[in-house]
Every structure is written in C-alpha cells, then in structure tokens.
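J.: First the structure, which I've put down as structure tokens, then a few questions once you've had a look.
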Amino acid sequence: MMWDDGHYYFGWPGMLLVMVVSWGLVGAAVYLGARWLGRDRASSDPLAILDERLARGEIDVEEYTRLWEAITDRRPVVRPR
C-alpha cells in the first residue's frame with residue numbers, strides 16, 4: 001500500500017489555502033470580539049452627548065449653543081472644599 005496514490009485533490013497549495021482562511025477567520029473573530037467588547041457605552045453626561053451630536057453633524061452651532069446654555073443653566077455648581 002502506497003501513501004502517494006495520486007488522490008491529492010489540491011495538495012500542499014490547498015492545505016496552505018485552508019490554513020490561511022482558517023487563521024483569517026480566527027483573526028476576524030478576535031477583531032470583531034474586541035470591537036464589540038470595547039465599544040463606547042452610552043454616555044450619561046448631557047454635555048458629552050451634545051458634543052457628539054455636534055461632531056456628527058446632527059445639530060448646527062446655533063442649536064448647540066442654545067442647548068449648551070440650557071443645560072449649563074440648570075446644572076448645579078460644584079465647588080471644591
């Protein structure tokens with residue numbers, strides 16, 4: 001009985017391809033898992049949310065200024081002791 005009977009469908013190039021695809025899938029899973037675990041949680045700071053909305057272009061500067069003044073007028077002043 002011979003080991004090399006000619007029934008290698010893809011040979012070493014096929015094994016190399018399978019190995020590269022397998023490691024690519026593992027790498028993609030690790031990357032997507034790290035992105036999912038490291039995503040930003042919803043901020044509870046209203047000024048931070050307002051800054052993000054301005055940066056994304058959801059509001060213009062005039063509306064930003066109006067909302068910023070409304071938020072800061074109601075915010076209690078914390079003084080260090």
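J.: From the list Val20, Val26, Val77, exactly one residue is aliphatic (A, V, I, L, M), open to solvent by 70 Å² or more (accessible area, probe 1.4 Å) and at pLDDT below 90. Which is it?
T.: Val77
J.: On to the next question. Right, Leu54: open to solvent by 100 Å² or more (accessible area, probe 1.4 Å), modelled with pLDDT of 90 or more and assigned to a helix (DSSP H, G or I) or not? Full working, then the answer.
T.: Details: open to solvent by 100 Å² or more (accessible area, probe 1.4 Å): no; modelled with pLDDT of 90 or more: yes; assigned to a helix (DSSP H, G or I): yes.
No: the conditions fail for Leu54.
J.: Against the definition (open to solvent by 80 Å² or more (accessible area, probe 1.4 Å), at pLDDT 90 or above, within 29 Å of the chain's Cα centre (by Cα) and among the basic types (Lys, Arg)), how does Arg35 come out, yes or no?
T.: The answer is no for Arg35.
The values are calculated or read from the model by the stated rules, or taken from the named source; none is laboratory data. Since the structure is predicted, the reported quantities are computational estimates derived from the model, not experimental observations. All accessible areas refer to the heavy atoms of the entire protein, side chains included, with ligands and DNA or RNA removed. Shrake-Rupley method; radii C 1.70, N 1.55, O 1.52, S 1.80 Å.
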